[in-house]
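Below: one structure, written as structure tokens.
The values are calculated or read from the model by the stated rules, or taken from the named source; none is laboratory data. Since the model is a prediction, treat every value here as computed from it, not as a measurement. Virtual Cβ from ideal backbone geometry, glycine too; neighbours counted across all protein chains shown.
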């Protein structure tokens, strides 16, 4: 494996954790294909960034097969060694208000579940032949909000991430007999541009390590789950939150 080029598809690659993940995997010789609903961003300053970007809106489930076909044309041996599902949306109300059950309309529910959960399941279904051929890995990015009420993440986001944790278990059970491992990471408060203004209160009162996590620390966990070092790990969800979940 170390002598052959390895290929990864990463969704939600336009900032933060996505950027850190691309850079770390490239340092280890991987070829990364990125997906986001935005056109290529000049902020993504790494080798081959523009040529490796695929613009696609994951809320358009009917367009996923075209995304997969575009990727297939770029895989020289028909092998995909990793699928990292990092894309996610967390809508807010006016003034950044958290959206609870009473505040969340039908459109928001459907849109969040399409992007955060259903597209993830369909991508694994469509790309399974390439993952199987490579004996690859899937890493789903869940969230601490999937297992407890969070002061900033809304109900649709939380439910989608809880569903993604369940999907991870289902995929791990179904795919492992055919050589594809599936795991998840559940980040807590990570130092990115999407942090809410009052995050410092969580850091002070709820995180035993009393600091934010970094995108690089999250990327390292993703890399571990895609490497041979984790060859017997399947169906796990790793918490990356400085102890916030305890």
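List of remarks:
- Here residue 131 passes the criteria (1) under 19 Å from residue 11 (Cβ atoms); (2) surrounded by 16 or more Cβ atoms within 10 Å (Cβ to Cβ); (3) out of contact with any strand residue (DSSP E or B) (no Cβ under 6 Å at 6 or more places or on another chain); (4) at pLDDT below 95 except the one numbered (4).
Table: residues versus (1) under 16 Å from the mean Cα position of the chain (by Cα); (2) without any contact (Cβ under 8 Å) to a residue 60 or more places away in the chain; (3) closer than 30 Å to residue 155 by Cα; (4) crowded, with 18+ Cβ neighbours inside 10 Å.
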residue	(1), (2), (3), (4)
18	yes, no, yes, yes
27	no, yes, no, no
31	no, yes, no, no
50	no, yes, no, no
66	no, yes, no, no
69	no, yes, no, no
79	no, no, no, yes
85	yes, no, yes, yes
97	no, yes, yes, no
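- Segment 1-23 - residue that is at pLDDT below 85 and in contact with a strand residue (DSSP E or B) (Cβ under 7 Å, 6 or more places away or on another chain) and, of those, farthest from residue 120 (Cα to Cα): 14
- Test: residue in segment 149-170 that is in contact with a helix residue (DSSP H, G or I) (Cβ under 6 Å, 6 or more places away or on another chain), part of a loop (DSSP other than H, G, I, E, B), without any contact (Cβ under 8 Å) to a residue 60 or more places away in the chain and under 22 Å from residue 14 (Cα atoms): no
- Scope segment 194-203; condition part of a loop (DSSP other than H, G, I, E, B) and either in contact with a strand residue (DSSP E or B) (Cβ under 6 Å, 6 or more places away or on another chain) or farther than 19 Å from residue 85 by Cα (or both); matching residues: 195, 196, 197, 198
- Residues that are under 21 Å from residue 182 (Cα atoms) and in contact (Cβ under 8 Å) with a residue 40 or more places away in the chain, drawn from segment 232-246: 233, 234, 235, 236, 237, 238, 239, 240, 241
- The lone exception for residue 182 - which of (1) closer than 21 Å to residue 118 by Cα; (2) part of a helix (DSSP H, G or I); (3) touching a strand residue (DSSP E or B) at 6+ places or on another chain (Cβ under 7 Å) it fails: (2)
- Among (1) within 24 Å of residue 226 (Cβ to Cβ); (2) under 17 Å from the mean Cα position of the chain (by Cα); (3) surrounded by 18 or more Cβ atoms within 10 Å (Cβ to Cβ) - the single one residue 90 does not satisfy: (1)
- Residue, modelled with the lowest pLDDT, within segment 134-161, restricted to residues that are within 29 Å of residue 99 (Cβ to Cβ) and surrounded by fewer than 17 Cβ atoms within 10 Å (Cβ to Cβ): 151
- Test for residue 176: is it in a loop (DSSP other than H, G, I, E, B) and either buried (at least 16 other Cβ atoms within 10 Å of the Cβ) or at pLDDT 95 or above (or both): no
- For segment 204-241, a residue qualifies if it is in contact with a strand residue (DSSP E or B) (Cβ under 6 Å, 6 or more places away or on another chain), within 15 Å of residue 192 (Cβ to Cβ) and not in a helix (DSSP H, G or I), and the qualifying residues are 213, 240.
- Test: residue in segment 130-144 that is out of contact with any helix residue (DSSP H, G or I) (no Cβ under 6 Å at 6 or more places or on another chain) and in a loop (DSSP other than H, G, I, E, B): yes
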